[in-house]
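Report on the structure given below.
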Amino acid sequence: MVRGIALILLTLGMPSLAAAETRSFGDSLGLLAKSCGAEIVANCRGVNPDSTRLKECLSRNRDVLSPQCASDYLGAFDAIQKRVAARVTVANACQREIVKVCGGSTKETSKSVPCLVSTPKGISNNCLKAVDDAGYR
């Protein structure tokens, strides 16, 4: 179990190559691993590593968190939620481009992402911003 937590923390600490207005998953999770790694190992052993359960565990154990972890963990989880929301908005912001430029379907937006990223001609600024915010470019 400790090995599994160490692997998760290593994965969480890996940097992301995506640059966007929202903080990347890698940057958010890297901050969380750096600030709260010891607290996660000590207090959240056995907790599923999804963000909701991990956030709840850290919140329950606020009284034993280091000052750095206490100040960083909510911001890290907030940034993760913002990135998830940004990815959801790509389907709405790029609806015309997905269908007209990429020949795709808005029900399967993820299949059109490579086209949206590699074909800047015919892509609206609103769509490009949504793609950037989602971390796809």
- Message: If you take every residue apart from Ala33 with its C-beta less than 13 Å away from the C-beta of Ala33, what net charge results, scoring Lys and Arg +1 and Asp and Glu -1?
- Response: -2
- Query: How much FRET efficiency would the formula 1/(1 + (r/R0)^6) give for Val117 and Leu74, where r is the Cβ-Cβ distance and R0 is 25 Å, rounded to 0.05?
  - Reply: 0.20
- Message: Take Ala42 and Ser59, extend 7 Å from each Cα along the Cα→Cβ direction, and tell me the distance between the two endpoints in nm.
- Response: 2.2 nm
- Task: Over the Cα atoms of region 91-133, compute the convex hull volume and normalise it per residue, giving Å³.
- Result: 57 Å³
- List, in the order given, every pair from Lys55/Lys129; Lys34/Lys82; Lys34/Lys55; Lys82/Lys129; Lys82/Lys107; Lys55/Lys82 whose Cα-Cα distance in the structure shown is over 25 Å. Lys55/Lys129
- Query: How far is it, in nm, from the label point at Lys82 to the one at Ser124 when both lie 7 Å from their Cα along the line to the Cβ?
  - Reply: 2.4 nm
- Taking the highest mean first, how do the peptides 109-121, 74-86 order by number of other beta carbon atoms within 10 angstrom per residue? 74-86, 109-121
- Item | region 114-137 residues near the modelled Glu108 label - backbone nitrogen below 16 Å, point 7 Å along Cα→Cβ | 114-116
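Throughout, read-outs are computed from the coordinates displayed, never taken from laboratory work. Please read these numbers as outputs of a predicted model, since none were measured by experiment. A quick note on method: Cβ atoms are made from the backbone with ideal geometry, for glycine too, and the neighbour counts reach across all protein chains shown.
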